[in-house]
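The values are calculated or read from the model by the stated rules, or taken from the named source; none is laboratory data. Predicted model only: the values in this text are computed from it and were never measured. Cβ placement follows ideal geometry from the backbone for every residue including glycine, while neighbour counts extend to all protein chains displayed. With ligands, DNA and RNA removed, areas are computed over all heavy atoms of the protein, side chains included. Shrake-Rupley method; radii C 1.70, N 1.55, O 1.52, S 1.80 Å.
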Amino acid sequence: MTAPRTITTDLVSLQPPEEQDAALVAELMGVPEDAERPAEIVRGWREHWDEHGYGTWIATDASGRRVGFVGLRAHDDFIRVTIRTLEGQGEEDLAGPAMRLVVAHALEWLPDLPLRLRVAPEDLATRFVAEFAGMVHAPDLDHTVGGDDWQVLELPWVRVADKIPARAREAMLRMWVEVNEAGGAVGFLPGADEGEVAAVLDGYAAQLERGDTSLVALNSPHGDLLGFGFVVRPSGATVAHTANLERIMTDPARRGTNHGALLMAGMHRAARERGVELVTLDYRGGTGLGEFYTRFGYTEVGRVPGGVRVAPGDDRDGVIMARSL
Ligand SMILES: CC(C)(COP(=O)(O)OP(=O)(O)OC[C@H]1O[C@@H](n2cnc3c(N)ncnc32)[C@H](O)[C@@H]1OP(=O)(O)O)[C@@H](O)C(=O)NCCC(=O)NCCS
């Protein structure tokens, strides 16, 4: 399947530029609509799309008004992301959601290269938008061009592994216990100890060895584990095009910074690359997770009333969701 050319949510919609978007660029630049430069910029964006199959998106709000752009530009060994929105009646509020969507899309569909944004040290607004989308400052990439200082932020990256690296095991175990302690629905009763969790983790290690399961880990540019999950393919010829996504979790200390979306993007990419066309997952009712997964195109396909006993007297529904890839 090829990467979608548009991204649409209730709040914001992103599409490749058209010639008439020169008017938006002129407004952003503060130059007359018929100036030559904005038209040139849009032409460059359109050529980039033709050459690479991705590029700069024009963002529109729910009423269809163009409010800015999020750009992706191919460099030799990284992809640069840029963002500009109009200042005015709330347009800048769409910068965060637009940025979040674009970086997750990049992780799911684009060449597997670092995604970087550079920002002037005083431009705190852009830096905030990038950090809200999960990007982190990578000081060793900061540089000066023509006397201007630039700070560089980089997006976390995804590693797909067919075994649990020894060094990752400890971090995974620690995160799993912490997520459970923080009330996460990751297969254990509250207070489960490390030994119990380790036994289940080692069960996955055995599955990974058999080759029907992949570990998908989200890592910060500094190498910290930010989240993980497993893509589990069932055995049997009739279901070889399906997979179940299991134990999806992110670091509780860094929630709300798009890591869940980035992890889902990485899991979908990994599944698709393994020939999977249909994914399922299940979650514990009463956790609000249905809403989270609906954002990523899942719909509820089944519910086992009272199928999950969290504690005596606290039975929850086991809910099954699915989506095609
Ligand atoms: C579910 C989970 C992976 C999401 O990760 P995250 O790092 O918080 O994700 P993001 O930052 O990308 O997304 C946050 C958004 O999802 C929403 N969200 C996250 N968890 C949610 C939940 N349990 N119920 C409803 N919404 C949720 C947040 O409200 C936030 O919404 P906003 O963007 O409108 O502010 C993470 O919360 C987690 O690890 N939970 C515990 C483990 C768990 O229950 N896993 C599910 C197994 S089926």
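The table below gives the values:
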| quantity | calculated |
| --- | --- |
| Whole-number percent relative contact order across the chain, with pairs defined as alpha carbons under 8 Å at least 6 apart | 11 percent |
| Fluctuation leader among PRO252, PRO312, PRO111 - the chain, Gaussian network, Cα springs under 10 angstrom | PRO312 |
| Estimated FRET transfer efficiency (LEU189, GLU18; beta-carbon r; R0 51 Å; 0.05) | 0.40 |
| Chain lengthening between ALA125 and THR287 when straightened (0.36 nm per residue, less Cα-Cα) | 55.1 nm |
| Axial C-alpha extent at least 20 Å, average Kyte-Doolittle at least 0.5 - helices from the chain (DSSP) | 95-109 |
| Solvent exposure of the stretch 264-323 as accessible area per residue, Å², 1.4 Å probe | 51 Å² |
| Percent of beta bridges antiparallel (DSSP, the stretch 7-155, rounded to nearest 5) | 95 percent |
| Carbon plus sulfur fraction of accessible area for the chain, probe 1.4 Å, in percent | 50 percent |
| Semi-axis lengths, Å, the stretch 158-324, gyration tensor of Cα atoms, sqrt of 5 times eigenvalues | 22, 21, 16 |
| Pairwise FRET efficiency - LEU113 versus VAL301, Cβ, R0 = 35 Å, nearest 0.05 | 0.50 |
| Of the trypsin sites (Lys or Arg not before Pro) in the stretch 226-317, those whose Cβ has at most 16 other Cβ within 10 Å and which sit in DSSP loop | ARG255, ARG274, ARG295 |
| Per DSSP, loop GluC sites (Glu not before Pro) in the stretch 97-189 with at most 15 further Cβ within 10 Å | GLU122 |
| In range of the label at ARG254: residues from the stretch 157-171 whose backbone nitrogen is under 17 Å from the point 7 Å along Cα→Cβ | 157-160, 168-171 |
| Student exercise, the chain dipole from Lys, Arg, Asp, Glu Cβ charges, in Debye to nearest 20 | 1020 debye |
| Highest-MSF residue in the chain out of THR299, THR144, THR242 [GNM, Cα springs under 10 Å] | THR144 |
| GNM result for the chain, Cα springs below 10 Å: residue of GLN207, GLN151, GLN20 fluctuating most strongly | GLN20 |
| Size of charge dipole - the stretch 190-325 - debye, nearest 20, with Cβ of Lys, Arg +1 and Asp, Glu -1, no other charges | 480 debye |
| Accessible area of the stretch 159-202 divided out per residue, in Å², using a probe of 1.4 angstrom | 58 Å² |
| Whether the chain is rounded, prolate or oblate, judged on the alpha carbon gyration tensor where a/c under 1.5 counts as rounded | prolate |
